[in-house]
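Before any comments, here is the structure.
The values are calculated or read from the model by the stated rules, or taken from the named source; none is laboratory data. The model shown is predicted, which means the values in this text are computed figures rather than measured ones. Note that we place each Cβ from the backbone using ideal geometry, even for glycine, and neighbour counts take in every protein chain shown.
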């Protein structure tokens, strides 16, 4: 099936998962995957080496009643990762051989979703004409500089304290240049995250 839209339905929205359904991402995505509950304004990020840990699976129970597993009305969701792309692919390890990789899972909240992540931060970038809404959640506390660019030109710069329990949200603009939007996060002079070209 195509992702996220298939047969006129946007499967990136849980409301479209009307029956139990599991999907594998093949090939693996851009090194991160996760889910975000917009109503609760919280989610999870998985950052992984997509050349080694090629498996990504999403599973939801659809419209089955939540009373089967919880008492708070929440909906069931699973996110899996692994060495092979699907349950039907196999990888043989010879005697004494091993496979090793490192991945990071972390919670995010207060950013209204995200469309890019790495081991340090999750970023939401939503262009709105000549302005853009941005949100940033980091995996550690830091005094950060967040820079919004469009077409390579600085649109706005913020010097802020950001932490896992203190996300950053703002609207930047208007942009004087046309082109692609970019968000850059610096810890001092070190770029820890950059979404965009």
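Can you spot a residue in the range 90-100 that is within 23 Å of residue 4 (Cβ to Cβ), touching a residue at least 40 places away in the same chain (Cβ under 8 Å) and assigned to a loop (DSSP other than H, G, I, E, B)?
There is no residue in the range 90-100 that is within 23 Å of residue 4 (Cβ to Cβ), touching a residue at least 40 places away in the same chain (Cβ under 8 Å) and assigned to a loop (DSSP other than H, G, I, E, B).
For the range 105-135, name all the residues that are under 11 Å from the mean Cα position of the chain (by Cα) and part of a strand (DSSP E or B).
105, 106, 107, 108, 116, 117, 121, 122, 123, 124
Does the range 38-52 contain any residue that is on the phi > 0 side of the Ramachandran plot, in contact (Cβ under 8 Å) with a residue 60 or more places away in the chain and under 24 Å from the mean Cα position of the chain (by Cα)?
Taking every residue of the range 38-52 in turn, at least one turns out to be on the phi > 0 side of the Ramachandran plot, in contact (Cβ under 8 Å) with a residue 60 or more places away in the chain and under 24 Å from the mean Cα position of the chain (by Cα).
Kindly establish whether residue 126 is outside the structural domain of residue 49 (by TED's automatic domain parsing) and surrounded by 15 or more Cβ atoms within 10 Å (Cβ to Cβ).
no
Only one of 107, 95 is touching a strand residue (DSSP E or B) at 6+ places or on another chain (Cβ under 8 Å) and outside the structural domain of residue 36 (by TED's automatic domain parsing). Can you tell me which?
On inspection, the qualifying residue turns out to be 107.
What are the residues in the range 132-166 that are surrounded by fewer than 18 Cβ atoms within 10 Å (Cβ to Cβ), in contact with a strand residue (DSSP E or B) (Cβ under 6 Å, 6 or more places away or on another chain) and farther than 15 Å from residue 186 by Cα, if any?
133
Test residue 83 against the stated conditions and say whether it is surrounded by 15 or more Cβ atoms within 10 Å (Cβ to Cβ) and out of contact with any helix residue (DSSP H, G or I) (no Cβ under 9 Å at 6 or more places or on another chain).
no
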